[in-house]
Amino acid sequence: MASRLSNEEISRYGRQLILPEIGVTGQLNIQNSAVLIVGCGGLGCPIAQYLSAAGIGHLGLVDYDAVELGNLHRQVLHSEKTVGHSKVDSIKEAVTRLNSNVTCTVHHVVLSSSNAVDIIKRYDVIADATDNVATRYLINDSCVRLGKPLVSGSALRFEGQLTVYNFEGGPCYRCIFPAPPPAETVTSCSEGGVLGAVPGVIGNLQAIEIIKIVTGLKPSFSQKLLTYDAITGSFMAIKLRPRQPSCKGCGEHSQLSTTIDYVQWCGSGPDDKVCQINLLGAEDRISAHEYQSVANSNKPHLLVDVRPIVEYEICSLPNSINIPLATLQGSTELITRHLSNHLSTVYIVCRRGNDSQLAVQRLKHQLPSATIVKDLIGGLETWSREVDNSFPQY
Ligand SMILES: [Zn+2]
């Protein structure tokens, strides 16, 4: 434990050192602190960046994933050079470039019931920068067991949220959310989209809350939820209920154990980026390769793309018509108009092959009985992967 600042440190941290709220004691506290960031994506990058710049002593990074091109618009510590590298190594490299005084420990794993406590116990404050419910409960429960404050952020589309859990008698995540939402109602960034600077805003706020905790300034958002709406430009802080004695996490009759299967409990996990549903029998489906033969042989058919207009405008298959799933109900007539005695086969395509199955289910009973309706298995992503590599993925 360092007890005084070197001349190099005084020069480097001078601007924050002269803040009376930080001072030498605050700076030493920052340098003697260990912070774990779970999730090295859109939130994790700004947290790691500002904590390192501020001189955090030990930074732990958890992520199982590798950097992809589609991450770079929001995960700004990664770069074109580190596409394909593990995210933890990519951030470690960036952090070391920024401040070589920071000790960086990488945990290139999926955080799970079997390793969470062992990893989390080595750190003073934990940042939840993940994007899935199962991991949120896992991190929360581990923090409750170990008595660690948890600075939690999330961002989707144009909206962000921030809360500090388990801080000095404040509520934990389970006090506020006793049970996970139904898996099918959870939207991920890859499905819902996100404006890159939104997680940037929230991640920076998480970094500030962490610095306030380690310097003894106390966080602003314990038992409070901060919401940010980038469309209206508004921040709102909502008071949350206090710690619940009946909470199954931190309450009097806590039921936490190391054997909870979080993925099963939440119905979704950290590594299934897109969940595949299976609604149709084989007779109602066509593979990408089979459809390729149909298209090449010019067999008459109608190809309906049920993605939202904004996605159809990005890319589409030739000769397809766009009827977004949301408007399908009122569009049966439009489809029927395209059909004739010679044309009674309708193929449905979407981005990943889930919405197309829903569409087939809905259309089957609405179109003339002789009509064959099938979905293209795996959607345009599978088409791009297996049939036409030049078809863009987004
Ligand atoms: Zn609780």
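The values are calculated or read from the model by the stated rules, or taken from the named source; none is laboratory data. Quantities reported herein were computed from a predicted structural model and do not represent experimental measurements. With ideal geometry, Cβ positions are generated from the backbone for all residues, glycine too; neighbour counts draw on all protein chains shown. The accessibility values were calculated without ligands, DNA or RNA, using every heavy atom of the protein model including side chains. Shrake-Rupley method; radii C 1.70, N 1.55, O 1.52, S 1.80 Å.
Does segment 73-82 hold any residues that are open to solvent by 20 Å² or more (accessible area, probe 1.4 Å) and assigned to a helix (DSSP H, G or I), and which are they? Write out each step before concluding.
Of the residues in segment 73-82, the ones open to solvent by 20 Å² or more (accessible area, probe 1.4 Å) are 73-74, 76-77, 79-81.
Listed by number, the residues that qualify are 80, 81.
For residue 288, only one of the following conditions fails: (1) farther than 30 Å from residue 388 by Cβ; (2) more than 16 Å from the ligand (Cβ to nearest atom); (3) open to solvent by less than 30 Å² (accessible area, probe 1.4 Å). What is its number?
The failed condition is (1).
Looking at segment 148-156, is at least one residue more than 20 Å from the chain's Cα centre (by Cα) and at positive phi? Quick ask: steps written out before the conclusion?
Initially, segment 148-156 is screened for residues more than 20 Å from the chain's Cα centre (by Cα), giving 148-149.
Then drop every residue that is not at positive phi, which leaves none.
Checking segment 148-156: not a single residue is more than 20 Å from the chain's Cα centre (by Cα) and at positive phi.
Give just the number: which of (1) hydroxyl-bearing (Ser, Thr, Tyr); (2) within 15 Å of the chain's Cα centre (by Cα); (3) crowded, with 19+ Cβ neighbours inside 10 Å does residue 142 not satisfy?
Residue 142 satisfies every listed condition except (2).
Could you list all residues from segment 288-311 that are under 26 Å from residue 187 (Cα atoms) and either in a strand (DSSP E or B) or out of contact with any helix residue (DSSP H, G or I) (no Cβ under 8 Å at 6 or more places or on another chain) (or both)?
304, 305, 309, 310, 311
For segment 1-49, name all the residues that are more than 20 Å from residue 219 (Cα to Cα), in contact (Cβ under 8 Å) with a residue 60 or more places away in the chain and small (Gly, Ala, Ser).
Result: 39, 41, 42.
If you check residue 69 against the conditions, is it surrounded by 15 or more Cβ atoms within 10 Å (Cβ to Cβ) and not aromatic (Phe, Trp, Tyr)? It would help to see each step written out before you state the result.
Values: surrounded by 15 or more Cβ atoms within 10 Å (Cβ to Cβ): no; not aromatic (Phe, Trp, Tyr): yes.
Considered against the rule, which asks whether it is surrounded by 15 or more Cβ atoms within 10 Å (Cβ to Cβ) and not aromatic (Phe, Trp, Tyr), residue 69 comes out as no.
Each row is one residue, and each column tells you yes or no for (1) more than 16 Å from the ligand (Cβ to nearest atom); (2) part of a strand (DSSP E or B); (3) in contact with an Asp or Glu (Cβ under 6 Å, 6 or more places away or on another chain).
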residue: 218; (1), (2), (3): yes, no, no
residue: 238; (1), (2), (3): yes, yes, no
residue: 244; (1), (2), (3): no, no, no
residue: 252; (1), (2), (3): no, no, no
residue: 256; (1), (2), (3): no, no, yes
residue: 259; (1), (2), (3): yes, no, no
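Do you know which residues across segment 312-348 are in a loop (DSSP other than H, G, I, E, B) and open to solvent by 50 Å² or more (accessible area, probe 1.4 Å)? Reasoning before the result, please.
Kept after step one, since they are in a loop (DSSP other than H, G, I, E, B), are these residues of segment 312-348: 313-319, 323-324, 339-344.
The answer is 313, 314, 318, 319, 340, 341, 342.
Within segment 357-384, work out how many residues are at pLDDT below 95 and open to solvent by 20 Å² or more (accessible area, probe 1.4 Å).
11
So, restricting to helices (runs of 4 or more DSSP H) that lie completely within segment 83-189, which ones have at least 3 residues that are more than 28 Å from residue 354 (Cα to Cα) and within 16 Å of the ligand (Cβ to nearest atom)? Break it down stepwise before answering.
On the way: elements: 87-98, 116-120, 133-146, 173-176.
Fully inside segment 83-189 and qualifying: 133-146, 173-176.
Tell me, yes or no, whether segment 57-72 has at least one residue that is in contact (Cβ under 8 Å) with a residue 60 or more places away in the chain and outside any strand (DSSP E or B). Let's see the steps before the verdict.
Step one: filter segment 57-72 for residues in contact (Cβ under 8 Å) with a residue 60 or more places away in the chain, giving 58, 60, 64, 70.
Then drop every residue that is not outside any strand (DSSP E or B), which leaves 64, 70.
Yes, segment 57-72 contains at least one residue that is in contact (Cβ under 8 Å) with a residue 60 or more places away in the chain and outside any strand (DSSP E or B).
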